[in-house]
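The values are calculated or read from the model by the stated rules, or taken from the named source; none is laboratory data. Computed from a prediction, not measured in an experiment: that's the story for all the values here. Heads up, the Cβs are rebuilt from the backbone with ideal geometry, glycines too, and the neighbour counts pull from every protein chain shown. The area values use the complete protein model at the heavy-atom level, side chains included, leaving out ligands, DNA and RNA. Shrake-Rupley method; radii C 1.70, N 1.55, O 1.52, S 1.80 Å.
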Amino acid sequence: MRKKLMLLVAAGLFLGATGAYAHLTGAFANFLVTVNDESTTERLKAEVAQTKKEIARLAPQIAKLEKSYVADQKVAVDKLQFYSEMGLDTWVSLLQQQQEPVDILGSQWLIERNLDAYMEELDKLYLAYKQLVATKETLEGHEKLLGMIEQNLQARGAFLADNPELPIEQLANYLDIDWMAEVEPALLAILAKDRALTEQQAATWASTQTGTASQPYRLDESWINERSELRYFFRSDHVYVVFQKPDLHVILIGQVLKDSSDAAALVFEAGFFNGFLMPETLIEELQGFRIPYAQLLQLPRVQAPFYLQQTSGGLIVRTGDSQN
């Protein structure tokens, strides 16, 4: 772990030299490369553009789903009212009017068939409702992630505006001191806590679903967000983790990958501190949550082989031959 004294000594050596900082180590030297390099924010800006595109795609989808659901809901309510008004006594009376056993059985078959068809309609209505809710939640998740990314970009502008006309090495020095004193210790501790949580309670995390083909086990982001001091955003391509304090904003970007033969883990591949691209030396220190496969194998109907699929809002336990 770097010490503040070492940082200040390195900074002093740099200020006494001209153009010779390649030998310096730690985030200080790496931040020098990114402080004035606007191209380092291209990934964040690309994420903003892609997220806005997803929001634009989902908005009309929701309107269409809502219109269809409302129409089907009205039909279901009308039928429910019809069955309620007729009542069981009416059905029994119809059966009693039949004289022949074959007629009674025929009437009973028609009644059961009618009720079965209605139950199928209710099932379809429920699935339509679930699809509508899931699409809305995805849209809301995109909108919240968009806000977080934009906050990180705005933090860069605010940092530069608060420190006008300072030498680039001093700006980098400030970033490194803030990281080492205010961010790194707290972030490492929270990540370690989340890692211990998921290693011990992965089965609980996934136990809210039935584990069937139609409703596979799902590890929702809401579960870990309720228990963590960080904010997790799951999407099909990446997982975004946000650490935030007043005037300090970190976004980590990673994927859930096979960590070993017996576990998967969130592996970070990039990060931005107050809108500045974090050097690889800092990313390498950060370990995301870990999900032991043995935990998931405790769940009913989960058998090897299986894999974890990233999706909007969480992870899905999929059975199959391929592994993450």
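Quick check: anything in region 235-247 in a strand (DSSP E or B), at pLDDT 90 or above and over 22 Å from L197 (Cα atoms)?
Taking region 235-247 as the starting set, the residues that turn out to be in a strand (DSSP E or B) are 239-245.
Narrowing further to those that are at pLDDT 90 or above: 239-245.
Then keep just the ones that are over 22 Å from L197 (Cα atoms); that gives 245.
Checked region 235-247: at least one residue is in a strand (DSSP E or B), at pLDDT 90 or above and over 22 Å from L197 (Cα atoms).
Can you tell me which residue is nearest to K193 (Cα to Cα) among those in region 264-294 that are in contact with a Phe, Trp or Tyr (Cβ under 6 Å, 6 or more places away or on another chain) and without any contact (Cβ under 8 Å) to a residue 60 or more places away in the chain?
If we take residues in region 264-294 being in contact with a Phe, Trp or Tyr (Cβ under 6 Å, 6 or more places away or on another chain) and without any contact (Cβ under 8 Å) to a residue 60 or more places away in the chain, then L266 is nearest to K193 (Cα to Cα).
Do you know which residues across region 268-309 are open to solvent by less than 20 Å² (accessible area, probe 1.4 Å) and either outside the structural domain of Y232 (by the TED database) or out of contact with any helix residue (DSSP H, G or I) (no Cβ under 8 Å at 6 or more places or on another chain) (or both)?
I283, L308
Determine if region 167-187 includes at least one residue that is closer than 30 Å to P300 by Cβ and either modelled with pLDDT of 95 or more or touching a His at 6+ places or on another chain (Cβ under 6 Å) (or both).
Within region 167-187, none of the residues are closer than 30 Å to P300 by Cβ and either modelled with pLDDT of 95 or more or touching a His at 6+ places or on another chain (Cβ under 6 Å) (or both).
Take the conditions out of contact with any Lys or Arg (no Cβ under 7 Å at 6 or more places or on another chain) and either in the same structural domain as L296 (by the TED database) or not in a strand (DSSP E or B) (or both) and apply them to D259. Does it pass?
So D259 fails the test.
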